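So the structure is just underneath, and the comments pick up after that.
Rule-based calculations on the coordinates, nothing more; no lab input. Treat the numbers as computed from the prediction; the structure is a model and nothing was measured. Because the Cβ atoms are built from the backbone with ideal geometry, glycine has one as well, and the counts that use them run over all protein chains shown.
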Amino acid sequence: MNRQCGFSLLEILIAFSILALSLGILLKIFSAGVNTAGVAEEYTAAVQIAESLMAQTGIEAPLKPSEATGLENEKYHWRVSVSPFQFTAENLDVTAITAVLFKIKVVVSWGEDARAAGRQVELTTLKLVNKVL
């Protein structure tokens, strides 16, 4: 009796097919993770740019209604809008208010077409300025 022990060709082909399928799925998961990390890094940079622009607004020059745009790192397009903020409240003595509120809106965008359909971060805040009497 000459009986050989081992795997048949069919069993080896099935094992290699399962291995190839498993490796394909693992590589797809890995590449998706790397892509997500890259997008997170871009959002972090955009938020830092927006926070920086928001912090320096009103420091270098007095606050007044205006709009400014620019480009940072040859990738991030930014726009800073400053407008007066009007609030209404009943029983409010407007003559007693000695400060003015300004609304500051910072938009940072990037991507394929940053101004149209790309990714963007928008931050808005209010800043208080003393009224000139």
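Here are some notes:
- Listed residue (VAL47, VAL129, TYR76) projecting farthest to the positive dipole end of region 9-130, Cβ model: VAL129
- Other-chain or far-sequence residues with amide H under 5 Å of PHE85's (modelled H): LEU101, PHE102, LYS103
- Residues LEU21, LEU101, sorted so that the one with the fewest Cβ neighbours within 10 Å comes first: LEU21, LEU101
- Calculated from backbone phi, Karplus (6.51, -1.76, 1.60) coupling profile of region 19-30 in Hz, x at Gly/Pro: 4, 5, 5, 5, 5, x, 5, 5, 5, 5, 5, 4
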